[in-house]
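Below is one structure, written out as structure tokens; comments come after it.
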Amino acid sequence: MFKPRVLSGVQPTGNLHLGNYLGAIRNWVPFQQTHECVYMLADLHAITVPQDPIKLRQSVRETAAALIACGINPNTSVIFPQSAVSAHAELAWVLSCLTPLGWLNRMTQFKDKAGKNKDNAGLGLYSYPVLMAADILTYHATHVPVGEDQKQHLELARDIAGAFNRAYGTEFFPLPEPMIMGEATRVMSLRDGKKKMSKSDESDYSRINLTDDADAIAQKFKKAKTDTIEGISWDAENRPEIANLITIYAALSDIKKEEVVQQFAGAQTSAFKSALTDLAVAKLSPITAKMRVLLEDVDSLDGILKNGAERANELAQPILKNAYNLVGFWRS
Ligand code: AQP
């Protein structure tokens, strides 16, 4: 039997936003009571699109500070930069040899990110889901809490684990369970209710960043796209932007969407936006303040990352070694 172990990660690509928080990071916190937790700053994934080296390094610190400020305890959970544990890249190679191209061709994130210029996209962007499978399997992780956008990659990780087990006549890798949790599994852009909120969106007004102050949050919700229909009602098809704001309100206040609709049914959009601003500021400002304090002490943060990398290596290396032995590789 596999010990219940959680793995998840976030790319240190700046602009950590409300979608990352509500869809993923916030859900990682309670697992610390029940599971062994491993949370990576996915810098190997980050370079699937161009990154400035100095910013990337600093962004790992900022993302670590965000996780800690959101309630991840570095003394119990393992927080580490992915690039500090070579097992991820090493296992990814083995898994890539077992992954048919047809499986990767179905991945919608590659199609979205590569756009029309597919031939110029890097191989790393295409094989990103194989590295993600390696991230999970190299810890024998059983549960992976992610936002809705990562569901397809998680299903692929299960298929890849199965492919390895079949190829080597073993049950060595557990099939990881995706955990898509909470009211806000897919937070949408504030400028376009049909596009997910994203770090790489050119418009800063499309997202609420975890580092935004009260004024910025107020401005962004005030300018958020809505419609001309009166009152607050749930109609995801025809009122996607209002549905998104209802979802955010529900998630931040830990109530159901129906309750939000009941509470604001007769309210004007501007009044609802103002209540949402107050709620978001109340929930996010303690996180922002804690992040600021943590980032003032770079040495302590670097110490946390170094210690996390050592602990992650201790977990990953024996699993990689066993996997290599199954393949017939040399690794003592
Ligand atoms: N809009 C979202 N709603 C809910 N969950 C989301 N996540 C991302 N966007 C949303 C979840 O956050 C975790 C970390 O994501 P990531 O940083 O590793 O990568 P991503 O999914 O590519 O995030 P972005 O913001 O869209 O970054 P860019 O623009 O750089 O591609 C994951 O669990 C993800 O599901």
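The values are calculated or read from the model by the stated rules, or taken from the named source; none is laboratory data. All of these numbers come straight from a predicted model, not from anything done at the bench. So basically every Cβ, Gly included, is an ideal-geometry build from the backbone, and we count neighbours across all protein chains shown. Side chains are part of the model used for accessible areas, which takes the heavy atoms of the whole protein and leaves out ligands, DNA and RNA. Shrake-Rupley method; radii C 1.70, N 1.55, O 1.52, S 1.80 Å.
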- Item | Single residue of the range 1-46 satisfying the filter (closer than 24 Å to residue 171 by Cβ and open to solvent by less than 10 Å² (accessible area, probe 1.4 Å)) that is nearest to the chain's Cα centre (by Cα) | 8
- Message: Please go through (1) open to solvent by less than 40 Å² (accessible area, probe 1.4 Å); (2) not assigned by TED's automatic domain parsing to the domain that holds residue 133 for residue 265 and return the number of the only condition it doesn't satisfy.
- Response: (1)
- Message: For the condition open to solvent by less than 10 Å² (accessible area, probe 1.4 Å) and either without any contact (Cβ under 8 Å) to a residue 12 or more places away in the chain or more than 10 Å from the ligand (Cβ to nearest atom) (or both), what is the one hit in 121, 218, 134?
- Response: 134
- Any idea which residue in the range 160-177 is nearest to the ligand (Cβ to nearest atom), counting only those that are touching a residue at least 24 places away in the same chain (Cβ under 8 Å) and open to solvent by 70 Å² or more (accessible area, probe 1.4 Å)? 177
- Message: Quick check on residue 206: is it within 16 Å of the ligand (Cβ to nearest atom) and touching a Leu at 6+ places or on another chain (Cβ under 6 Å)?
- Response: yes
- Query: Is it true that some residue in the range 225-238 is outside the structural domain of residue 95 (by TED's automatic domain parsing), among the small types (Gly, Ala, Ser) and more than 28 Å from residue 154 (Cα to Cα)?
  - Reply: yes
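Of all residues in the range 106-149, which are assigned to a helix (DSSP H, G or I) and out of contact with any helix residue (DSSP H, G or I) (no Cβ under 9 Å at 6 or more places or on another chain)? Break it down into steps so the answer makes sense when it comes.
Of the range 106-149, the ones assigned to a helix (DSSP H, G or I) are 108-114, 118-120, 123-137, 148-149.
Within the range 106-149, 112, 119, 123 qualify.
Return the residues of the range 251-269 that are under 17 Å from residue 182 (Cβ atoms) and either assigned to a helix (DSSP H, G or I) or charged (D, E, K, R) (or both); say none if nothing qualifies. Talk me through it step by step, then tell me what you get.
Our first condition is that a residue be under 17 Å from residue 182 (Cβ atoms); within the range 251-269, this holds for 251-260.
Answer for the range 251-269, where residues must be under 17 Å from residue 182 (Cβ atoms) and either assigned to a helix (DSSP H, G or I) or charged (D, E, K, R) (or both): 251, 252, 253, 254, 256, 257, 258, 259, 260.
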- Item | Condition met for residue 11 (assigned by TED's automatic domain parsing to the domain that holds residue 111 and away from the ligand (no atom under 11 Å from the Cβ)) | no
- Message: Being open to solvent by less than 10 Å² (accessible area, probe 1.4 Å) and of a type outside the set (S, T, N, Q) narrows it down to one residue among 208, 180; which is it?
- Response: 208
- Members of the range 226-245 that are of a type outside the set (D, E, K, R), open to solvent by less than 10 Å² (accessible area, probe 1.4 Å) and not in a helix (DSSP H, G or I): 232
- Query: Of the residues in the range 27-56, how many are farther than 20 Å from residue 131 by Cα and not hydroxyl-bearing (Ser, Thr, Tyr)?
  - Reply: 13
- Message: I'm told residue 248 meets every condition in (1) assigned to a loop (DSSP other than H, G, I, E, B); (2) surrounded by 13 or more Cβ atoms within 10 Å (Cβ to Cβ); (3) among the β-branched types (Val, Ile, Thr) except one. Can you identify the failing condition by its number?
- Response: (1)
- Query: If you scan the range 14-42, which residues turn out to be within 13 Å of residue 64 (Cα to Cα) and away from the ligand (no atom under 11 Å from the Cβ)?
  - Reply: 38
